[in-house]
Amino acid sequence: MFKWSIILDNLPFLLSGAWTTFSLTVVSMFFATVAGLLVGLLNMFGGKIVGAITRLYIEAVRGTPALLLILIVYYALPIIGVNLPQFPAAAVSLAVCYAAYIAEVFRSAVESIPKGQSEAALSLGMSQTQALRYVILPQTFRRVLPPLANEFAALIKDTSLVAFISMQDLLFNAKIIGARTYNIMSPYIGAAIIYLIMTTPVMQWSRSLEKKVD
Amino acid sequence: MAGDVVPEGKLLVVDQLHKSFGALEVIKGVSFDMDCRERLVLMGPSGSGKSTLVRCINWIEPPSAGSITFDGRVVETGKSDIRRLREEIGMVFQQFNVFPHLTALQNVALGPVVVKKTPRKEAEIEAMELLAKVGLSHRADHKPAQMSGGEQQRVAIARALAMHPKLMLFDEPTSSIDVELIHEVLDVMVKLADEGMTMIVVTHEMGFAKEVADRVVFMDQGLIIETGTPSEVFEHPQCERTQSFLSKVHLA
């Protein structure tokens, strides 16, 4: 049976979980974006060997579940002496995972810039790096925002995977409330509403950006 | 400004240039040279290799074989050599390729600021002068999306001139422009020629060629098949291929 009262009575507990979800998303997204830009650029301009290594990384991450990565970082890495507390372990896993997706976002944005742009930059005597810095990337920036916002929304949802390493995020706390109150339906619906409150504005923003770019 | 002083002798020597894309050989051994202040118009049917040839001259397409000597130096494939070459050779593209995120003024000033490390203020003052020269002072703060094709192409010409090139390459500069705006661009090019700019122009504009060119070079299937003054080539073409091409251009 669904009861609003259960959500309202446990709201502070749900919100503290939501805060974990939110802060984990922001931290992971920040590092994923920085790393993703770097990996994407290395993949495109790093030469053959670096290109192959980054391609391998991107494909490996895209072909395996994010959950597996989280479990490896939190449970398997300590075996070889790398002990990370919950939050950093979760953030590192999600950042490593999303950096691969974001690298692809940057790559496709750079490749969508007509070749004539870099030719024009090079014909002025610019180096490859200068052409990238002053001509290509500034044009990429606007094209990259809508898909980045989409990745952000996807990451908000994927942070729920950290419940598997018993991190007290929104989903985990909802589960605890369900166990405590013997009402499973209500806290899960409460969690769904809070997830939607976080993801909807991001997706709306992405959509409005897409319209602007067109 | 345009047309810096250049020592005597040939400005450009192209020797046995070849260019292949995979198995397809687009340029099959082209040689020619140019003096300072010379204006050369390059003509030929599509696929004859004329665009590829001008793109090889500033190494936007690296030649497969042969050599290019510019301003007394043989161009080596080292990065710094090629960048210096490109600094000294301006290029104007068929598709304009102006930078859409920058205003006309910023488009023109970017090269000097980034490549020559000219202080921004100084670069912008000169960019304003160049925009005035191409008749676009009133468009300085506009972005390319707000401009016509003819205006964008004139910004592109000003952008190339900002680097004080010793040679300007024009790769079909009017082919993507509305017919009624073509003259805006041609007028600017004629003005440049009058000032003594050394130019290679790929174009089918016969009127421009007759007015401006010292020499018309006709290409077909990757080779130069005829070369001469405009009146020689246009009025008494020697090759059958040139004759049939010119008859079609005349009709158009």
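What's the magnitude of the charge dipole for the range B:1-103 around its Cα centre, counting Lys and Arg as +1 and Asp and Glu as -1 at the beta-carbon? Answer in Debye, nearest 20.
For this selection, approximately 320 debye.
What percent of all Cα-Cα pairs in the range A:104-214 falls in each 5 Å bin, counting up from 0?
Percent of Cα pairs in each bin: 2, 11, 15, 14, 12, 10, 9, 8, 7, 5, 4, 2, 1, 1, 0.
Report the Stokes-Einstein translational diffusion coefficient (µm² s⁻¹, integer) for the protein assembly as shown, Rh taken as the Kirkwood radius over Cα pairs, at 25 °C with viscosity 0.890 mPa s.
The diffusion coefficient I find is 94 µm²/s.
Can you give the translational diffusion coefficient of chain B in µm²/s, computed by Stokes-Einstein from the Kirkwood radius over Cα pairs at 20 °C and 1.002 mPa s?
The calculation lands on 115 µm²/s.
Determine the shape class of the range B:59-104: with a ≥ b ≥ c the square roots of the Cα gyration tensor eigenvalues, call it rounded for a/c under 1.5, and otherwise prolate if a/b is greater than b/c, oblate otherwise.
Prolate.
Near residue A:113, within a Cβ-to-Cβ distance under 13 Å, what is the net charge of the other residues, with Lys and Arg +1 and Asp and Glu -1?
Taking every other residue near residue A:113 into account, the sum is +2.
For residue B:210, which aspartates and glutamates qualify as cross-link partners when the Cα separation must be under 15 Å and same-chain residues fewer than eight apart are set aside?
Once the sequence-local aspartates and glutamates are set aside, what remains near residue B:210 is B:38, B:187, B:194, B:232, B:235.
Can you pull the semi-axes for the range A:1-117, root of five times each eigenvalue of the Cα gyration tensor, sorted largest first, whole Å?
After scaling each eigenvalue by five and taking roots: 35, 20, 11 Å.
Set the Förster distance to 51 Å, then compute FRET efficiency between residue B:194 and residue A:113 from the Cβ-Cβ distance, nearest 0.05. Mind dumping the intermediate values first?
On the way: r = 36 Å, r/R0 = 0.71.
Efficiency, from the Cβ-Cβ distance: 0.90.
Only counting other Cβ atoms within 10 Å, I'd like B:129, B:180 sorted with the fewest neighbours first.
Sorted ascending by nearby Cβ count, the order is B:180, B:129.
Quick one: of the DSSP bridges fully inside chain B, what percent are antiparallel, nearest 5?
55 percent
Mind scanning A:212/B:117; B:10/B:116; A:115/A:157; A:115/B:116; A:48/B:50; A:115/B:19 and naming the pairs with a C-alpha gap bigger than 27 Å?
On the way: A:212/B:117 34 Å; B:10/B:116 25 Å; A:115/A:157 36 Å; A:115/B:116 23 Å; A:48/B:50 32 Å; A:115/B:19 19 Å.
The pairs that break the limit, which is 27 Å between Cα atoms, are A:212/B:117; A:115/A:157; A:48/B:50.
Running a GNM on chain B with Cα contacts under 10 Å, which residue among B:179, B:188, B:98 ends up with the highest mean-square fluctuation?
Highest fluctuation of the listed residues: B:179.
Rg/Rh for the range A:138-199: what does it come to with C-alpha atoms and Rh from Kirkwood?
Rounded to two decimals, Rg/Rh equals 1.18.
Charges only on Cβ, +1 for Lys and Arg, -1 for Asp and Glu: so what's the dipole of the range B:107-146 about the Cα centre, in debye to the nearest 20?
120 debye
About its Cα centre, what dipole magnitude does the range A:100-214 give when the only charges are +1 on Lys and Arg Cβ and -1 on Asp and Glu Cβ, stated in debye to the nearest 20? The partial results should precede the final answer.
Values: 11 positive and 8 negative charges, 39 e Å.
It works out to roughly 180 debye.
Taking the alpha-carbon distance from residue B:133 and a cut-off under 19 Å, which lysines remain once sequence neighbours fewer than 8 residues away in the same chain are dropped?
Within reach: B:121, B:143, B:166, B:191.
Order by neighbour count: A:57, A:101, A:74, fewest other Cβ atoms within 10 Å first, most last.
By the 10 Å Cβ count, ascending: A:57, A:101, A:74.
Using Cα springs under 10 Å in a Gaussian network model of chain A, which residue among A:40, A:63, A:190 shows the largest mean-square fluctuation?
Of A:40, A:63, A:190, the Gaussian network model singles out A:63 as fluctuating most.
If I build a Gaussian network model for chain B, linking alpha-carbon pairs within less than 10 angstrom, which residue out of B:77, B:203, B:103 has the largest mean-square fluctuation?
Residue with maximal mean-square fluctuation among B:77, B:203, B:103: B:77.
Roughly what would the spin-label model give for residue B:65 and residue B:223, points 7 Å off Cα along C-beta, in nm?
Label-label distance for residue B:65 and residue B:223, simple model: 1.5 nm.
Ignoring everything except DSSP H segments at least 4 long, calculate the 222 nm mean residue ellipticity for chain B; use -39,500 (n - 2.57) per segment, divide by total residues, nearest 500.
That comes out to -11500 deg cm²/dmol.
Arrange the following residues from fewest to most other Cβ atoms within 10 Å of their Cβ: B:168, A:185, B:206.
Least crowded to most crowded, the residues run A:185, B:206, B:168.
How large is the translational diffusion coefficient of the range A:175-214 in µm² per second when you combine the Kirkwood radius over alpha carbon pairs with Stokes-Einstein at 25 °C and 0.890 mPa s?
For the chosen part, D equals 206 µm²/s.
Quick one: Cα centre-to-centre distance for the range A:105-183 and the range A:33-95, in angstrom?
Taking the Cα centre of each part, the range A:105-183 and the range A:33-95 sit 15 Å apart.
Based on the Cα coordinates of the range B:49-165, what is the per residue volume of their convex hull in Å³?
Residue-normalised Cα hull volume stands at 114 Å³.
Using Cα-only point scatterers and the Debye equation, what is log10 of I(q)/I(0) for chain A at each q in 0.08, 0.11 Å⁻¹, rounded to two decimals?
Taking Cα atoms of chain A as identical point scatterers yields -0.37, -0.64.
Each reported figure results from applying straightforward, stated rules to the coordinates on display, with no laboratory input. Model, not experiment: these values are computed from the prediction. Cβ coordinates were reconstructed from backbone atoms using ideal geometry, including for glycine residues, and neighbour counts include every protein chain displayed.
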